[in-house]
1. Among the residues of region 116-140, which ones are in a helix (DSSP H, G or I) and crowded, with 19+ Cβ neighbours inside 10 Å?
2. Would you confirm, using the coordinates I've provided, whether D66 is exposed (fewer than 13 other Cβ atoms within 10 Å of the Cβ) and modelled with pLDDT under 85?
3. For region 85-114, which residues satisfy the criterion of being touching an Asp or Glu at 6+ places or on another chain (Cβ under 8 Å) and open to solvent by 50 Å² or more (accessible area, probe 1.4 Å)?
4. Could you please let me know if R41 is open to solvent by less than 90 Å² (accessible area, probe 1.4 Å), within 31 Å of the chain's Cα centre (by Cα) and over 29 Å from T74 (Cβ atoms)?
5. Only one of (1) modelled with pLDDT of 90 or more; (2) β-branched (V, I, T); (3) over 28 Å from V120 (Cβ atoms) is not met by T5, so which one is it?
6. Mind listing whichever residues of region 82-115 are part of a helix (DSSP H, G or I) and of a type in the set (G, A, S)?
7. When you look at S102, is it touching a residue at least 40 places away in the same chain (Cβ under 8 Å) and of a type in the set (S, T, Y), yes or no?
Amino acid sequence: MQWITLISTVVGAAIATGSAMLLDRQRWKRERLDRETQARRILYGDYLATLSEARHACGNMARDPDIAPSTRRTTAREAFGPCIGLRYQMTISAPARVVEASEDTFRRLRDLRDRVMEGVLVTDHAYLQARRTYEEALAGLQGSESLPSPPRINLL
């Protein structure tokens, strides 16, 4: 009888230890996924905000016909500069479908910036076309296919 009790205790301890290890591993995976998702969400938000700021700066320059060409070029480059670093962060952090959409959006904004650097105004066809293609690319990036939606909380 003493051996059966000892064996039962050892088997029970092994099952309990194995279960605890399995649960810890699952929790670790879930927490890691949550951290990665949060980091991507922050990166995506920063990228979208930076693109928006650069587009807004380009729009402001395109509304002012009195800006000197050299000032226009310098200001456009400076406004667009922060987008470059975040572009590379997107390339190494985001899934391929998001990278494709973010690259397209980046290129369309760069085209818009180039038109502004050339001196086009907000009423010129070249500006309107560049802005339209940028907005289409941005809509594609923001679409449900590209950026993950926020998690749903089930209150039931």
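1. Of everything in region 116-140, those that are in a helix (DSSP H, G or I) and crowded, with 19+ Cβ neighbours inside 10 Å turn out to be V116, Y127, A130, R131, Y134, A137, L138.
2. On the way: exposed (fewer than 13 other Cβ atoms within 10 Å of the Cβ): yes; modelled with pLDDT under 85: no.
No: the conditions fail for D66.
3. Residues satisfying the conditions are T91, R97, R108.
4. So R41 fits the description; yes.
5. Evaluating T5 over (1) modelled with pLDDT of 90 or more; (2) β-branched (V, I, T); (3) over 28 Å from V120 (Cβ atoms) leaves (1) as the failure.
6. Passing the criteria: G85, S93, A96, A101, S102.
7. Here the answer is yes, as S102 does meet what is asked.
The values are calculated or read from the model by the stated rules, or taken from the named source; none is laboratory data. Note that this is a predicted model, so its numbers are computed, not measured. Every residue, glycine as well, gets a Cβ built from its backbone with ideal geometry; the counts of neighbours run over all protein chains shown. The accessibility values were calculated without ligands, DNA or RNA, using every heavy atom of the protein model including side chains. Shrake-Rupley method; radii C 1.70, N 1.55, O 1.52, S 1.80 Å.
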